[in-house]
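Step one of this worksheet: look at the structure below.
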Amino acid sequence: MVVILSFMNCKTSTKESLKKQPMNSKIVVAHRGASGYLPEHTMEAKAMAYAMNPDFIEQDLVLSKDDVPVVIHDIYLDDVTDVAVKFPSRKREDDRYYVIDFTFEELQSLHVSERFDPKTGEQFYPSRFPKGKGSFKLHSLQQEIELIQGLNKSTGKSIGIYPEIKNPEFHLKNGKDIAQITIEVLSEYGYTTKKDNCIFQCFDAKELERVRKELKSDLFLVQLIEFPEETKQLDHFATYADGIGPWYKQVIDKKVNGKWQFTSLVEDAHK
């Protein structure tokens, strides 16, 4: 998956080096780790991604029952773990198994595999790491930060983190404030301002604005966008966010005479 980050103000970068670069400079984000080679969001995928020397490594976050930020892409467990085998009675009425219904200790007992269809058991990407092989586990945001910071110490590199809180509205409906809990963890590990090597992202505009204005976070914030109408809300996003993360099809328009044409979104964001 291609992740495109468009800074709305190059003066509020997380890296001193980026401040000196032109607006068309690029950074590389390891999306879900080295997810084309190892099961997504596993520690092994993050270690391999680190060895590939990206600028940032991404962490999708969902809370456990006991309020531990768990690194996993969705609020569900049944398409990347063996939860249906180990805890068959723990599914909700919709036949899905939710991260939020399990303690962190229970989650760590699960086996993580390449993404698959929970109804058929078929692996989504057959050419990737074989489903059911290996001994991959879920892990916490704290554990991943310690891995990345430890590797930064031992290698002399300065690779950053790129956390995304998933479905904050769902968490709030279940009595959990994923934004506040995540910000507290990041603060414990030294990520508090735009100068720190952390980019904080979310699709929920209301919640990201809350992170800035109510929770008073000074982190570098990126508003993820997906729908066409959101590209018309840049003025509002700029009141709290430092950049946008659009779907690539919102940036790439069409091919004309063999060359890609682009929409005005990046230029609009820079303005």
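DSSP bridge analysis restricted to the chain gives an antiparallel fraction near 40%, rounded to the nearest 5. For the chain, modelled as a GNM whose springs connect Cα atoms under 10 angstrom apart, the maximal fluctuation among THR155, THR182, THR193 occurs at THR155. The loop-placed GluC sites (Glu not before Pro) in segment 32-124, going by DSSP, that have at most 15 neighbouring Cβ atoms within 10 Å of their Cβ come out as GLU93, GLU122.
For the options SER109, SER64, SER89, a Gaussian network treatment of the chain with springs between C-alpha atoms closer than 10 Å singles out SER89 as fluctuating the most.
Mean separation of Cα pairs under 8 Å and 6 or more residues apart, divided by the residue count, gives the chain a relative contact order of 21 percent. Just ASN197, ASN167, ASN152 to compare: in a GNM of the chain, with alpha carbon springs under 10 Å, which one fluctuates most? Taking springs between Cα atoms under 10 Å, the residue moving most is ASN152. Charged side chains reduced to their Cβ positions (Lys and Arg at +1, Asp and Glu at -1) give segment 87-166 a dipole of some 280 debye around its Cα centre. Karplus-derived 3J(HN,Hα) values for segment 198-209, using 6.51 cos²θ - 1.76 cosθ + 1.60 with θ = phi - 60°, are 9, 10, 9, 10, 6, 7, 7, 5, 4, 6, 5, 5 Hz; glycine and proline are entered as x. Pairs spanning more than 29 Å between alpha-carbon atoms, out of LYS176/LYS213; LYS137/LYS195; LYS86/LYS249; LYS26/LYS254; LYS194/LYS259: LYS137/LYS195; LYS86/LYS249; LYS194/LYS259.
Every helix of 4 or more DSSP H residues in the chain counts as -39500 (n - 2.57), and over all residues that averages to -6500 deg cm²/dmol at 222 nm. Computed from backbone phi with θ = phi - 60° and the Karplus coefficients 6.51, -1.76 and 1.60, the 3J(HN,Hα) list for segment 165-171 is 7, 9, 6, x, 5, 4, 4 Hz; x is used for glycine and proline.
How long is the gain from TYR125 to SER154 if the chain were fully straight, where each residue apart is worth 0.36 nm and the alpha carbon distance is subtracted? Intermediate results must be reported in sequence, preceding the final value.
Values: separation 29, 0.36 × 29 = 10.44 nm, distance 3.40 nm.
Gain on stretching TYR125 to SER154: 7.0 nm.
Distant-in-sequence amide contacts of ILE57, defined by a placed amide H-H separation under 5 Å and a gap of 5 or more residues or a different chain, comprise ALA30, GLY160, ILE161, TYR162. Put a plus charge on the Cβ of each Lys and Arg, a minus charge on the Cβ of each Asp and Glu, and nothing anywhere else: the dipole of segment 198-258 about its Cα centre is then about 160 debye. Rolling a 1.4 angstrom probe over the protein heavy atoms with all chains in place gives segment 22-110 an accessible area of 42 Å² per residue. Overall shape: oblate for segment 112-179, with the ratio a/c of the largest to smallest alpha carbon gyration tensor axis at 1.5 or above and b/c at least equal to a/b.
Along the chain, the longest continuous region that contains none of the chymotrypsin sites (Phe, Trp or Tyr not before Pro) in a DSSP loop with at most 14 other C-beta atoms within 10 Å is 125-271. For the chain, the carbon plus sulfur part of the accessible surface works out to 51%, probe radius 1.4 Å.
Each residue of segment 102-113 is assigned a 3J(HN,Hα), and the resulting list reads 10, 6, 4, 4, 5, 4, 6, 7, 7, 9, 9, 9 Hz, derived from the Karplus form 6.51 cos²θ - 1.76 cosθ + 1.60 (θ = phi - 60°), x at Gly and Pro. Around the amide H of LEU63, modelled in the peptide plane, lie the amide H atoms of VAL70, all under 5 Å away and 5 or more residues distant in sequence or on another chain.
When only the Cβ of Lys, Arg, Asp and Glu is charged (+1, +1, -1, -1), the dipole of the chain relative to its Cα centre reaches about 920 debye. Amide H contacts of THR81: SER113, each under 5 Å away and 5 or more positions distant or on a separate chain (H built 1.01 Å from N in the peptide plane; Pro and chain starts excluded). Residues in segment 130-271 average 52 Å² of solvent-accessible surface per residue, probe 1.4 Å, ligands and nucleic acids excluded. Mind checking which aspartates and glutamates have their C-alpha under 20 Å from LYS232, skipping anything on the same chain fewer than 8 residues away? Once the sequence-local aspartates and glutamates are set aside, what remains near LYS232 is ASP204, GLU207, GLU209, ASP242, ASP253, GLU267, ASP268.
The values are calculated or read from the model by the stated rules, or taken from the named source; none is laboratory data. Quick caveat, the model's predicted, so the values are computed rather than measured. Cβ sites come from the backbone with ideal geometry, for glycine too, and all protein chains shown count toward neighbours. For the accessible areas, the whole protein counts, side chains as well, though only heavy atoms, and no ligand, DNA or RNA atoms are used. Shrake-Rupley method; radii C 1.70, N 1.55, O 1.52, S 1.80 Å.
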